[in-house]
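Engineer: I'd like to ask some things about the structure below.
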Amino acid sequence: MIENNTKKQENEAFHEPSRQYFNPAQIVHNFSQKGRDHLNRKTSSQFILSLQAGAFMAFGAAFSILLSMGIDIKGVSHLMAGVGFATGYAMVFLSGAILFTEVNVLLPSYLFQKPSLMSLKIIKFWLATYLGNIIGALFVGTLIVLSKSLSPEFFQDLNHYINHNKMSFLSDGTWGFFEIMISGILANWLIGMAAFLTTAARDITGKIIGTLLPVILFVAGNFQHSAANMGYFSIGVFSNHTYNWYQFFYNLIPASIGNIIGGAIMVALLFSFAYNDEIQNKIK
């Protein structure tokens, strides 16, 4: 009896504890299910959740400027700006709000499993999400400006950031369009991985850390992320005198194209292909 108890204790000592995260195949399967759920929501619900996501982007943009103001050390400035913007993404991921650039990962993950579903319904959903994000961001940007809560120094730093980090590509003419698009691929590759890491975690702390790391990287790299740029532009459109409002779309259009490629191909397609066997076996 004593010998059996000893062996049992030894087996328990070497027993691997249950994982505190989902494995990659489960994550991709989760993407597919979440994409399906978003697609099947009523249009009114899709639009409301898209408004919320756009609003969170504007809050994240404001926080990123506030945290990085007055910091001359580039690395520290990038770090604080990334932390600020990660707040907006954390609110999106944890609330279930619908962000255009996250949809670029979730919906293709579902469509790659159900390719026969391509329809006008999907195009309408994508457009509703994009429009909702813009309106939500503009709403918060308007409230921020009307509130007069933020200092003139904030708007100076914001305009400097927009002019030198978001719109500087335009000086390269036609090639600038492709630069923004390529940068957009990198941006949504990283945001796709933020969604990946956030989905992997099973507790709130893990989800926040999973969001934080890729967001800091994309902000530091100045990669062009359309939803993030909506946040900056939604406030800058009222205070930036260098560009007219419609000129911001010179950035948003190529960035959005790149974001679709980065999310749909570099994340959704590649991982769906790599883990297809496990997904087909209904990983749980």
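Engineer: Quick one: in region 141-153, of everything that is in a helix (DSSP H, G or I) and out of contact with any Gly (no Cβ under 9 Å at 6 or more places or on another chain), which residue is least open to solvent (accessible area, probe 1.4 Å)?
Structural biologist: Of all residues in region 141-153, those in a helix (DSSP H, G or I) come to 141-147, 152-153.
Filter again for out of contact with any Gly (no Cβ under 9 Å at 6 or more places or on another chain), leaving 142-147, 152.
Details: 142: 46, 143: 88, 144: 23, 145: 44, 146: 130, 147: 61, 152: 86 Å².
Filtering first and then ranking leaves 144.
Engineer: Filter region 251-266 down to the residues that are open to solvent by less than 20 Å² (accessible area, probe 1.4 Å) and more than 18 Å from residue 126 (Cα to Cα) and list them by number. Lay out the reasoning, then the answer.
Structural biologist: At the first step, the residues of region 251-266 found to be open to solvent by less than 20 Å² (accessible area, probe 1.4 Å) are 251-252, 254-256, 258-259, 262-264.
251 - this is the single residue of region 251-266 that is open to solvent by less than 20 Å² (accessible area, probe 1.4 Å) and more than 18 Å from residue 126 (Cα to Cα).
Engineer: State yes or no: is residue 163 modelled with pLDDT of 95 or more, in a helix (DSSP H, G or I) and under 17 Å from the mean Cα position of the chain (by Cα)? Lay out the reasoning, then the answer.
Structural biologist: Values: modelled with pLDDT of 95 or more: yes; in a helix (DSSP H, G or I): yes; under 17 Å from the mean Cα position of the chain (by Cα): no.
Against the criterion (modelled with pLDDT of 95 or more, in a helix (DSSP H, G or I) and under 17 Å from the mean Cα position of the chain (by Cα)), residue 163 does not qualify.
Engineer: A further question on this structure: I need every pair where a residue in region 81-99 that is more than 13 Å from residue 133 (Cα to Cα) has its Cβ under 7 Å from the Cβ of a residue that is of a type in the set (Val, Ile, Thr) and open to solvent by 20 Å² or more (accessible area, probe 1.4 Å), sequence separation at least 6 or different chains.
Structural biologist: Sorted first by the residue in region 81-99, then by its partner, the pairs are 82/216; 83/216; 86/216; 90/208.
Engineer: Further question: Is it true that some residue in region 50-64 is surrounded by fewer than 18 Cβ atoms within 10 Å (Cβ to Cβ) and in a helix (DSSP H, G or I)?
Structural biologist: No, there is no match, as no residue in region 50-64 is surrounded by fewer than 18 Cβ atoms within 10 Å (Cβ to Cβ) and in a helix (DSSP H, G or I).
Engineer: Check region 122-129 and report whether any residue there is within 14 Å of the chain's Cα centre (by Cα), closer than 23 Å to residue 267 by Cβ and either assigned to a helix (DSSP H, G or I) or of a type in the set (Phe, Trp, Tyr) (or both).
Structural biologist: Residues of region 122-129 within 14 Å of the chain's Cα centre (by Cα): 129.
With the extra rule that they be closer than 23 Å to residue 267 by Cβ, the set shrinks to 129.
From what is left, the residues that are either assigned to a helix (DSSP H, G or I) or of a type in the set (Phe, Trp, Tyr) (or both) are 129.
Within region 122-129, one or more residues are within 14 Å of the chain's Cα centre (by Cα), closer than 23 Å to residue 267 by Cβ and either assigned to a helix (DSSP H, G or I) or of a type in the set (Phe, Trp, Tyr) (or both).
Engineer: Based on what the data block shows, is residue 132 among the small types (Gly, Ala, Ser) and loosely packed, with under 15 Cβ neighbours inside 10 Å? Outline the logic, then answer.
Structural biologist: Numbers: among the small types (Gly, Ala, Ser): yes; loosely packed, with under 15 Cβ neighbours inside 10 Å: no.
So residue 132 fails the test.
Engineer: Name the single residue, out of those in region 172-201 being of a type in the set (Phe, Trp, Tyr) and within 19 Å of residue 85 (Cα to Cα), that is surrounded by the most Cβ atoms within 10 Å (Cβ to Cβ).
Structural biologist: So in region 172-201, the residues of a type in the set (Phe, Trp, Tyr) come out as 175, 177-178, 189, 196.
So of that shortlist, the ones also within 19 Å of residue 85 (Cα to Cα) come out as 189, 196.
Working: 189: 22, 196: 20.
Within region 172-201, the match that is surrounded by the most Cβ atoms within 10 Å (Cβ to Cβ) is 189.
Engineer: Is there a residue being within 20 Å of residue 54 (Cα to Cα), assigned to a helix (DSSP H, G or I) and at pLDDT 95 or above anywhere in region 172-184? Working first, answer last.
Structural biologist: From region 172-184, those within 20 Å of residue 54 (Cα to Cα) are 184; that's our starting set.
Among the residues that remain, those that are also assigned to a helix (DSSP H, G or I) are: 184.
After this cut, where a residue has to be at pLDDT 95 or above as well, the list is 184.
Scanning region 172-184 turns up at least one residue that is within 20 Å of residue 54 (Cα to Cα), assigned to a helix (DSSP H, G or I) and at pLDDT 95 or above.
Engineer: Counting just the residues of region 70-121 that are among the charged types (D, E, K, R) and outside any loop (DSSP other than H, G, I, E, B), which one comes out least open to solvent (accessible area, probe 1.4 Å)? Break it down stepwise before answering.
Structural biologist: Initially, region 70-121 is screened for residues among the charged types (D, E, K, R), giving 72, 74, 102, 114, 121.
Now narrow it down to the ones that are outside any loop (DSSP other than H, G, I, E, B): 74, 102, 121.
Working: 74: 146, 102: 10, 121: 106 Å².
Taking the candidates together, the pick is 102.
Engineer: Pairs under 6 Å by beta carbon, first residue in contact (Cβ under 8 Å) with a residue 24 or more places away in the chain in region 148-173, partner exposed (fewer than 12 other Cβ atoms within 10 Å of the Cβ), six or more apart or different chains?
Structural biologist: The qualifying pairs are 163/242.
Engineer: Of the numbered conditions (1) touching a Leu at 6+ places or on another chain (Cβ under 7 Å); (2) assigned to a helix (DSSP H, G or I), residue 156 satisfies every one except a single condition; which is it?
Structural biologist: (1)
Engineer: Something else now. Restricting to region 202-232, name every residue that is at negative phi, open to solvent by 10 Å² or more (accessible area, probe 1.4 Å) and either of a type in the set (S, T, N, Q) or not in a helix (DSSP H, G or I) (or both).
Structural biologist: 202, 203, 205, 221, 223
Engineer: I would also like to ask the following. Just to be sure I understand the filter: pairs with C-beta atoms under 9 Å, separated by 6 or more residues or on different chains, first member in region 19-30 and closer than 16 Å to residue 207 by Cβ and in a helix (DSSP H, G or I), second member of a type in the set (D, E, K, R) and open to solvent by less than 80 Å² (accessible area, probe 1.4 Å). Which pairs pass?
Structural biologist: Qualifying pairs under 9 Å: 26/278.
The values are calculated or read from the model by the stated rules, or taken from the named source; none is laboratory data. As the structure is a computational prediction, the values presented were derived from the model and not from experiment. Backbone-built Cβ (ideal geometry, glycine too); neighbour counts: all protein chains shown. Just the protein is used for accessible areas: all its heavy atoms, side chains included, with ligands, DNA and RNA removed. Shrake-Rupley method; radii C 1.70, N 1.55, O 1.52, S 1.80 Å.
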